[in-house]
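Report on the structure given below.
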Amino acid sequence: MVQSTATSGDIKLNDVMLAMDIADTLRHKKLLVERVLNEDTQRQKLIDRIRSIYESQGIDVSDAVIEEAVKAIRDKRFSYNPPPDGLATRFWKLYVRRGQWGKKVAAGFAAILAAFGIHYGVVTVPQTAELKHQITTLNDGIKEAGQDIDLLSDRLVRVNQSYATLHREFPVTLQKTAEDIRKDIATDLQKTGQLLKTAREFSLQPDLKPGNFVERKKPATVQLEQQQTVLSKVENRLDRAEELIQLLQELDQVPQELKRLNQVIVDVAQEPAGKLQADALLKTGFTALRSRDGEKIHQSLVSMQELLALLEREYSLRIVARPGERSGVWRRPDTNSLAKNYYLIVEAISADGEILAIPVTSEETGELVDTKTWGVRVSATDYNRIGADKQDNGIIEQNIVAVKKRGFLKPDYRINTTGGTITKW
């Protein structure tokens, strides 16, 4: 056993360490120490108790060391006093614990970068491309509208010149008609000039950019649409003026031309319906001449020419069976949601194999359009029969459903049909 004979004023290093250990032991008995320190009668009992604790561990402790430990407890020399809370203290605590939060922060930062990259690739890039496309489209539209104004202005100059140089003498029976046609032409040309002036007032500069597009997109689009509407009216007026000028140039030949077309149609027609239509158009044409209605005169000539072309046309109606294209469709009519209308998709093939564009009126919309494929309404029986034929080997064996012969207005159908047609499906 090692004995210590040092006093409280001459404590060696080993004694200091022992005093710290005693102080730590006393701190675990805080309530006892506080009570003893305030009662001198109990002080010696505490010292004796501490000595007995260390002697049981084979350590000889002097009174001086124990006194030093008790004094240290009272003076709080071996106690840890945390620094006052503040920004610097919190910062250093955070720094000390960086191992705990560093990985989480790094993972979070990586997740943010990944999210930003995904957003940039999936959202930002497409949005930027779409914005660029919209800007280019609108700027191009503005440029094209300006070019159209210049082209239509040049065309107006040419039509005016053509009208100014038109000097024709007409028979007495046509002089009043010619005068009325001249007035119509003059009115069209005057209104065309006014419309072009309005179109110029709607002109814009094709200078839309990302910086001003959001603000200018809507008003610029509206203004461009208004300009395009006016330009469409300009084109229609010029078309009409040119047609009337041509009519005026040939006015003295109109009666003979109407009679000639009527006779040709009567000769070609192989059924009464074609001849009756020709006679009706001839009557309409001469009525228009007497009433000096230039537009109706012109339309009568055009209608008779179209009737003759229809009668002379020859073709076969073939069911479409190309890969990727439908051969038939069915629709539910608006008036009866329980019913079905069946249509075969057909095309007109000339004798030399050319696919022809035929004027077809849709029974759904009433719209007349020139089209190379359309739907012919048939019975459910024929529809299902054709469908089964195609499913057998992908080929429709009996693919000709009608033949249009010269001199007839309509094809001669080989299947049951109401004659109804559609142009969209």
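The values are calculated or read from the model by the stated rules, or taken from the named source; none is laboratory data. The structure presented is a predicted model; accordingly, all values stated were derived computationally and were not measured. Don't worry about glycine lacking a Cβ; one is built from the backbone with ideal geometry, like all the others, and counts go over all protein chains shown. Ligands, DNA and RNA are excluded from the accessible area calculation, which covers all protein heavy atoms including side chains. Shrake-Rupley method; radii C 1.70, N 1.55, O 1.52, S 1.80 Å.
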Legend entry - Percent carbon-and-sulfur accessible area, the stretch 178-250, ignoring ligands, DNA and RNA, probe 1.4 Å: 46 percent
Inset, instruction - Let me have the relative contact order for the stretch 276-425, percent, based on Cα pairs under 8 Å that are six or more residues apart. - result: 24 percent
Inset, instruction - Set the Förster distance to 41 Å, then compute FRET efficiency between H167 and E367 from the Cβ-Cβ distance, nearest 0.05. - result: 0.45
Inset, instruction - Mind checking the full-extension length gain between D392 and K283? Use 0.36 nm per residue of separation minus the Cα-Cα distance, one decimal, nm. - result: 33.8 nm
Inset, instruction - Pop a pseudo-label 7 angstrom from the Cα along the beta-carbon direction at both Q305 and V266 and give the gap in nm to one decimal. - result: 2.2 nm
Inset, instruction - Please express the Cα-Cα pair-distance distribution P(r) of the stretch 310-425 as a list of whole percents, one per 5 Å bin, running from 0 to the bin with the greatest distance. - result: 2, 11, 22, 25, 20, 13, 5, 1, 0
Inset, instruction - Step through the residues of the stretch 350-359 one at a time and calculate ³J(HN,Hα) from phi using the Karplus curve (6.51 cos²θ - 1.76 cosθ + 1.60, θ = phi - 60°), rounding each to whole Hz and writing x for Gly and Pro. - result: 6, 4, 9, x, 7, 7, 9, 8, 10, x
Legend entry - L258 accessible area, assembled protein chains, probe 1.4 Å, Å²: 0 Å²
Legend entry - In Å², nearest 10: area of K296 left accessible to a 1.4 Å probe: 120 Å²
Inset, instruction - Order these peptides, 350-358, 188-196, by their mean beta-carbon neighbour count within 10 angstrom, highest first. - result: 188-196, 350-358
Legend entry - Additional length obtainable on full extension of the chain from K191 to D48, 0.36 nm per residue less Cα span: 38.8 nm
Legend entry - Gain upon complete extension [I112, I349; 0.36 nm per residue less C-alpha separation]: 79.0 nm
Legend entry - Residues with amide H under 5 Å from that of T371, placed H, sequence gap 5 or more: I358, V360
Legend entry - Share of alpha-carbon pairs per 5 Å distance bin for the stretch 293-361, given as whole %: 3, 12, 14, 16, 14, 12, 12, 11, 5, 1, 0
Legend entry - Å² per residue, accessible surface of the stretch 315-425 at 1.4 Å: 59 Å²
Inset, instruction - Calculate one ³J(HN,Hα) per residue across the stretch 385-401 by plugging θ = phi - 60° into the Karplus curve 6.51 cos²θ - 1.76 cosθ + 1.60, and present them in order as whole Hz with x for glycine and proline. - result: 5, 5, x, 5, 4, 6, 5, 4, 9, x, 10, 8, 5, 9, 8, 9, 9
Legend entry - Rg over Rh [alpha-carbon atoms, Kirkwood Rh] for the stretch 244-386: 1.10
Legend entry - FRET E, pair V214, D140, Förster distance 22 Å, beta-carbon r, rounded to 0.05: 0.70
Legend entry - Backbone HN-Hα couplings from phi across the stretch 366-382 [Karplus 6.51/-1.76/1.60, Hz, Gly and Pro as x]: x, 7, 9, 9, 7, 9, 9, 9, 7, x, 10, 6, 10, 6, 4, 4, 5
Inset, instruction - Could you list the square roots of 5 times each eigenvalue of the Cα gyration tensor of the stretch 362-425, that is, the equivalent ellipsoid semi-axes, sorted largest first and rounded to whole Å? - result: 22, 16, 11
Inset, instruction - Go through 56-65, 302-311 and give me the packing order, highest mean Cβ count within 10 Å leading. - result: 302-311, 56-65
Legend entry - Neighbourhood charge, 15 Å Cβ-Cβ cut-off, centred on D267 and excluding it, Lys, Arg +1 and Asp, Glu -1: +1
Inset, instruction - For an R0 of 35 angstrom, estimate the FRET efficiency from the Cβ-Cβ distance between D180 and Q147 and round to the nearest 0.05. - result: 0.50
Legend entry - the stretch 168-285, accessible area per residue, ligands and nucleic acids excluded (1.4 Å, Å²): 59 Å²
Inset, instruction - Check the straight Cα-Cα distances from K259 and name the aspartates and glutamates below 12 Å, setting aside those fewer than 8 residues away within the same chain. - result: D279
Inset, instruction - Could you work out the Kirkwood radius for the stretch 196-308, taking every pair of different alpha carbons, averaging 1/r and inverting it, reported in Å? - result: 17.5 Å
Inset, instruction - Compute the signed sum of charges (Lys and Arg +1, Asp and Glu -1) over the other residues within less than 15 Å, Cβ to Cβ, of A351. - result: 0
